[in-house]
Amino acid sequence: MSDPTIHDVAGQTEELQGELALRHLERSSGRRPAESLERLFSRFPLAASTEAIDLIRVAPIDGDEEARRRDALLEATIAGFVGRETRRLAADLETRADASVAVSDRGPRPPRSLLAGASAEVDASARHAFVAAFVGHVEELEPLLAEKLSLERGIARRLGFDDVVDVRCRLGSFDVDATVAALEELLADTHDMYHDVLGWSVKRAVGVELAEATIGDVLFTLGVRHAEAERGIETSDDAPALLARFVPQLGLDLRVGGNVTLETGPGPADTPRALVAAVRVPHDVRLVYRVVEGRPAHHAFLDAVGRAFALAHRPGAGPMADRVLGDPSVVIAFGRMLSALPSNRSFATRELGVAKARDLTQACLVERLFEARTAAARLLHEVDLRRAATVTEHRAAFGERLRGALGIRYPDALYLWDIREPLAAVDQARAVLLEGALTKHLVHYFDDDWYRNPRAGRFLQDLWGRGGALSFEGLMAHLGHERATGRPLAELFGRNL
């Protein structure tokens, strides 16, 4: 047998990522995965190995583009190696995280449904019971989560990095200082309007001051605002029909030449409403929508569509790094870009048929503001915690940071749960910044109804077609910003709230 090459590593890495995406889709759909993590990683011994890492590091490089692709493959291989080395802990966390949790007189519930349960409860004591059950469940997982985080740090150091944040900084062009400055700027610029708007909303919905509210109270408040605003929308769960109406106006193909498969049907109420699985980019991207009785899930569905389109429009041939890899925050940002459309008054009126569009756009904007400030605080926490010498000392600091950003009684106990997947908080927060810049650019050049402008569709196709070559910094620069910034999003909130 010949010695493995860097092309062998790339091939196995692509296959492994597709299998992990399928497995995630199974779990997120409430199904037991067909294959254990142990078995899955054993089928791809090269993709997540030190042998592959060493092979990539010594591979000859011809120019800047080859260096970028080499770094992208090295980062993906290191992430795979971390996943393989932590697979037993991850499997244990999966098992325990799926165990039912008792909620006072409501009976046993899956942990993933607890905060959603709190958001639907009119009675304050019931909301608090759901939140307490969730926090108690997470506290039981704290030793495993702490062990996993420590193991991830140890693996990074064995490979010559300070921590997993350092891996992204050195291989993925993650400018920590610029991102932190942008998020701190966003938090400062939106502080007063956030406290005014959400404080009034919470007081009206649950009768308490913002400082006394729990996460359950806020989720309930946001749900109330949406329910009131959505009374003008047809009760039928027609998110796929919405897609069929407006996407062709952008000059886009719903199925992206057969690359996107849309699966719809009933699903358990406690599972995500919309999911994306990048099985083989760009030719096999699966978009799943669960039809559940109750309010439509346009927000979740549009988010999934944006991510699916960004992946399905990638190059069909060429280097694996450009087809499959790249900065996750860019793909997430395109999802957020579409999911923000219900906060566009033109879209709410034209596509959703809402009589009082302002009520819906305001409800969506308040929710986006809450999500943006949460994402910013989580990134700041993850960067600090991943770099810290010890883990538990940051528990209280996390609570203070989230309470400072959100103004509510945010549980300290979530300090590890909220960053349980390496760099997920980093990717989400950077996507928040990108989405603000994207939306501002689209409105500026293609007007408020950009979502029905074929020129906007061509603009997006061009960006999506760059695949993994389009970085966070590259997209920011393309949109006219020399550095990471939260100012476009803050300006949007300031004009509309």
Fill in: Yes/no for ASP412 being more than 15 Å from the chain's Cα centre (by Cα), acidic (Asp, Glu) and at pLDDT below 95
yes
Worksheet entry | Those residues of segment 312-326 which are farther than 7 Å from GLY468 by Cα and assigned to a loop (DSSP other than H, G, I, E, B), in sequence order | HIS313, ARG314, PRO315, GLY316, ALA317, GLY318, PRO319
Practice prompt. Report yes if some residue within segment 56-72 is without any contact (Cβ under 8 Å) to a residue 12 or more places away in the chain, outside any helix (DSSP H, G or I) and β-branched (Val, Ile, Thr); otherwise report no.
Written response: yes
Worksheet item: Given the structure, is PHE134 touching a Pro at 6+ places or on another chain (Cβ under 7 Å) and of a type in the set (Phe, Trp, Tyr)?
Response: yes
Response to the item:
If we ask which residues in segment 384-430 are farther than 23 Å from ALA181 by Cβ and free of Cβ contacts under 8 Å to residues at least 12 places away in the same chain, their number turns out to be 4
Item to complete: Sort out which residues of segment 269-324 are of a type in the set (Val, Ile, Thr) and either at pLDDT 90 or above or within 17 Å of the chain's Cα centre (by Cα) (or both), and write them in order of number.
Response: THR271, VAL276, VAL279, VAL281, VAL285, VAL288, VAL305, VAL324
Practice prompt. Sort out for me the helices (runs of 4 or more DSSP H) sitting completely within segment 390-497 that have 1 or more residues that are surrounded by 17 or more Cβ atoms within 10 Å (Cβ to Cβ) and among the acidic types (Asp, Glu).
Written response: 424-446, 472-478
Worksheet item: Conditions: (1) surrounded by fewer than 21 Cβ atoms within 10 Å (Cβ to Cβ); (2) touching a helix residue (DSSP H, G or I) at 6+ places or on another chain (Cβ under 6 Å); (3) of a type outside the set (Lys, Arg); (4) modelled with pLDDT of 90 or more. GLY257 meets all but one. Number of the miss?
Response: (2)
Item to complete: Could you list all residues from segment 393-412 that are farther than 26 Å from SER201 by Cα and either among the hydrophobic types (A, V, I, L, M, F, W, C) or in contact with a helix residue (DSSP H, G or I) (Cβ under 7 Å, 6 or more places away or on another chain) (or both)?
Response: HIS394, ARG395, ALA396, ALA397
Worksheet item: Inside segment 61-78, can you point out the residues that are surrounded by fewer than 18 Cβ atoms within 10 Å (Cβ to Cβ), at negative phi and small (Gly, Ala, Ser)?
Response: ALA67
Worksheet entry | Of residues in segment 352-389 being of a type outside the set (A, V, I, L, M, F, W, C) and part of a loop (DSSP other than H, G, I, E, B), the one farthest from the chain's Cα centre (by Cα) | LYS356
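The values are calculated or read from the model by the stated rules, or taken from the named source; none is laboratory data. In this text, all values refer to a predicted model and were calculated from it rather than measured experimentally. Backbone-built Cβ (ideal geometry, glycine too); neighbour counts: all protein chains shown.
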